[in-house]
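Right, one structure below, let's go through it.
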Amino acid sequence: MSLVPCYRGSVNAWECDENDHLNVRFYLAKTNQGLPFALDAIGLPAAALARIDAHPRIRAQHVRFLKEARPATPLTVYAGLAEHQDHQLTLYAEVRHSLDGEVMATLLTEIGFAGADGRPRAVSPSGDAPRCTVPAHGAPRGIKAVAEPLRPDYASVCGMGFVEIGRGSIAPWECDPAGEMELFQYVGRINDSVTNLFAHFQTGEDRLARETPRREPFQHSFWRRGGRAEDAALRAPLLRRGHPRVRGNGAGHRRRHGSQNAQGDRAPRGAAPPDPGAAAAPAAVKCWTPVSNPEKTR
């Protein structure tokens, strides 16, 4: 399998969630940053595409998340040409740990090419383009591609029994130069709304007693259906009523214990707690158990 590096960077702390794991949107964001390098490697540099008035546009993206990435993890994205048909091609990419090469996520990206008039433009990758087949760990499993996504209006969606878990407007900084919302921003909006999913199905008792589940590899598929800034609204009615109870992600249930004296010095890790019957020390001792709010959203 021939893949070439198209992105190299690391995980920033501000890109991580409350569990210190890289948020799913940034797997896509980092991979998509490398797409111009991948196109250049297969013989379709920006200058060549401009000459034939062929503008690349992500049509669909399938992602499988295989391993969590934590702050400061060095990442490298490798990509290759998996399929080519006239005006459309599919790139396969792997997000790997830069040091040991472990695959942390895989992405299948369908790219279409069109001119300023909106008509498709045929492209021809070079003969020595890095080509690959999609391995088993990168192939879709439970999600099948659809020829045309469902596009019901909002009233119809509500009538079908879906629950709205997110709502907001599209900002210009979330869009690409063509004015269309970046695909990884869709992922981010859905991810930001997941806590509303839990809140809808859980009882108060569930929310207090929820436990952190095991994290298993999972996957997403996204199809672009527009999303310009002037559309002004983005909603995420994703779930049907009657879905089996969903357990929470345990956010906010990590407890920390510690103590410090009046001068602010921390007690040694593992130090025994003070004896309640002992005489009071000259300096006051503060003890605390901060527990983050279990209702805190991601």
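Remark: Val163, Val24 ranked as Val163, Val24, counting other beta-carbon atoms within 10 Å and listing the fewest first. Shown here is the pair-distance distribution of segment 11-154: with all Cα-Cα distances grouped in 10 Å bins from zero up to the longest one, the shares run 11, 37, 32, 18, 2 percent. Taking a Cβ cut-off of under 9 Å around Thr106, the surrounding Lys, Arg, Asp and Glu residues balance to a net charge of 0, with basic ones at +1 and acidic ones at -1. The GluC sites (Glu not before Pro) found in segment 63-131 that occupy coil by DSSP, while having at most 16 further C-beta atoms within 10 Å, are Glu68, Glu102.
If you take every residue apart from His97 with its C-beta less than 12 Å away from the C-beta of His97, what net charge results, scoring Lys and Arg +1 and Asp and Glu -1? Taking every other residue near His97 into account, the sum is 0. If the chain linking Glu102 and Asp17 were pulled fully straight, counting 0.36 nm for each residue of separation and taking away their Cα-Cα distance, it would gain 28.5 nm.
For Arg59, the residues 5 or more places off, or on other chains, whose built amide H falls under 5 Å of its own are Glu110, Ile111, Gly112. Using the Stokes-Einstein relation with a Kirkwood hydrodynamic radius computed over Cα pairs, the translational diffusion coefficient of segment 114-206 at 10 °C and a viscosity of 1.306 mPa s comes to 87 µm²/s.
Rule-based calculations on the coordinates, nothing more; no lab input. Since the structure is predicted, the reported quantities are computational estimates derived from the model, not experimental observations. Cβ coordinates were reconstructed from backbone atoms using ideal geometry, including for glycine residues, and neighbour counts include every protein chain displayed.
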